[in-house]
Amino acid sequence: MNLDEYLAADATDLAALVADKQVTAAELLALARQRADQVNPKINAVVRTLDDEADSRAAEPLTGPFAGVPFLVKDLLQEYAGFPTTSGSHALANDVAEEHAVVTQRFLDAGLVVFGKTNTPEFGAKGITEDDLLGRARNPWNVAHTPGGSSGGSGAAVAAGIVPAAGANDGGGSVRIPAACNGLVGLKLSRGYTPYGPQTSEPMFGMATQGVVSRTVRDSAALVDAIVGAPTRYAAYVAGTPAPFLPGLGEAPARLRIGFTTSSAINPSPDPEAIAAVESAAALLTELGHEVEAVEAPHDDEALARDFLTIWFAQLYGQISAIKTRLGAPDSAFAADSLAVAEIGRAAGVGALFGALDNANLHIRALEDFHQRYDLLLTPTLAKPPLEVGSIDTPPMLQRASRVIAKVRAGKLLNATGILDQLITDNLGWVPYTQLANITGRPAISVPLHWTATGLPLGVQLVGPLASDGLLLRLAAQLEQARPWFHRYAELDPALTA
């Protein structure tokens, strides 16, 4: 197999070739490394290599549905024993995992050959992947733009052809945003379907789920099948495991009633490309026999954003406090932005946190009311095309001020200035559609149906009722068949990879 053939195969194809002894795991690993050597210097997707471990696995007899296929895990909540999981933070740069995360072990049990870890912003806190420790990840379709976040390194690696799929997780859109930015499939699963631990309990009070980004629906379905289900040793998860998703992909969904909207109180004027993406998807779904109509947004996304950030800031304060206690990390080991929002979370207090958690029920009820009338909700995944790298950097003066504010615990003063409103606009204004699925625990998928006039991907999102993950995958497979996207991958200009 040569590199062109490797790039033309998805993970399912590669696994079949290994099973038929047409190629070895070691040969595939060499091709993945060859592609990484070509493109990674310009996209900074892979931030750590696991060379000896990968070579040992590739030399072993491997079993599982993806035996011998090269793979990457995210450097956040996907711990690999013997190596640090930095979560993009200087504070964790030397925090070596004593054992694999449950999800990492399940990737390994599926036969995948993990040979590296992918870039992420500090604590997965942004929809971009630009980090003090790990550096800026870039979009293979245009390196001046972001691959999204927080699974941006995984998204960039898959889009550039280093691997056909990679590990990701989603606490506010972190699977779907990079999928949309990179022309990939990204499924955020129903709450409770994927495991955490043993290092942590459910992050973000259960709003975050594990997953993958991939170039094909069948790869996403099969890889999700490999990781879903409660761990036997940890009690904080649902006992049930859904029926396997892959076998049902060939079954087209019955006629669905789908409501679509592009409206957002956070961003009242989505980019015309985002509107075009949804309108084009609505037309395609209609052609496929589904009933599709424009609707009002079923929820107050501005209120939801406020609740989401209140929860996020509180848990980040708890996370940073725990790291300081466990490792003795000083403030200087954390990014200024992280310290500032953690201080806002501390100052807001327990009452604000529990109020936001309680409000989740309001958002769940609003979405459930919508799903009494419509099977699925269709929105853009992004309100605008992938941002330019560095475009939402915090100015150095504000970073210095943030460190002072955090040190003197002036979070109440910050809250009084209305900074939360500004953070909503700045950080969620281009991604206002994804947090709904996390707060409500519902599944949502981003599929790559649209490319902008300048050649950047811009996905569309479908949100379903609880446990409709299989339906979302079947519909995505139907869309993939009707408007194939696998043949498209980011061919970086050779001059950029020299």
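Where a number appears in this text, it was derived from the coordinates with a stated rule and is not lab data. Note that the coordinates shown come from a computational prediction; the quantities given were computed from them, not determined experimentally. When we count neighbours, we look across all protein chains shown, and the Cβ atoms used for this are built from the backbone with ideal geometry, even at glycine.
Points worth noting:
- Applying 1/(1 + (r/R0)^6) with R0 = 35 Å to the Cβ-Cβ distance of Asp109 and Ala30 gives a FRET efficiency near 0.90.
- Using C-alpha pairs below 8 Å separated by at least 6 residues, the relative contact order for the chain is 17 percent.
- Filter on Lys188/Lys384; Lys324/Lys384; Lys384/Lys407; Lys117/Lys188; Lys74/Lys412; Lys126/Lys412 - keep pairs with C-alpha separation over 26 Å: Lys324/Lys384; Lys384/Lys407; Lys74/Lys412
- Unit charges at the beta carbon, dipole of segment 237-361: most positive-side option, Ala336, Ala276, Ala322: Ala322
- Ranked from largest, the principal axis spans of the Cα set of the chain equal 65, 53, 50 Å.
- Restricting segment 44-102 to GluC sites (Glu not before Pro) in coil, as DSSP defines it, with at most 14 other Cβ within 10 Å: Glu98, Glu99
- Protection-proxy order for peptides 30-42, 187-199, each taking the mean of Cβ atoms within 10 Å per residue, highest first: 187-199, 30-42
- Within segment 100-201: Cβ-based charge dipole about Cα centre, in debye rounded to nearest 20 (Lys, Arg +1; Asp, Glu -1): 200
- Footprinting exposure proxy for Leu14, Leu50, Leu382 (fewest neighbouring C-beta atoms within 10 Å first): Leu50, Leu14, Leu382
- Counting charges near Gly88 (Lys, Arg +1; Asp, Glu -1) among other residues having Cβ under 9 Å from its Cβ returns a value of -4.
- Potential lengthening between Asp358 and Val408 on full extension [0.36 nm per residue; Cα-Cα distance subtracted]: 15.0 nm
- Charge-dipole axis of the chain as Lys and Arg at +1 and Asp and Glu at -1 on Cβ define it, positive-most pick from Ser56, Trp451, Leu475: Ser56
- Seen from Asp469, the other residues with C-beta closer than 12 Å to its C-beta sum to a net charge of +3, counting Lys and Arg as +1 and Asp and Glu as -1.
- The packing ranking of peptides 482-492, 336-346, highest mean first, is 336-346, 482-492, where packing means the average number of other beta carbon atoms within 10 angstrom of each residue.
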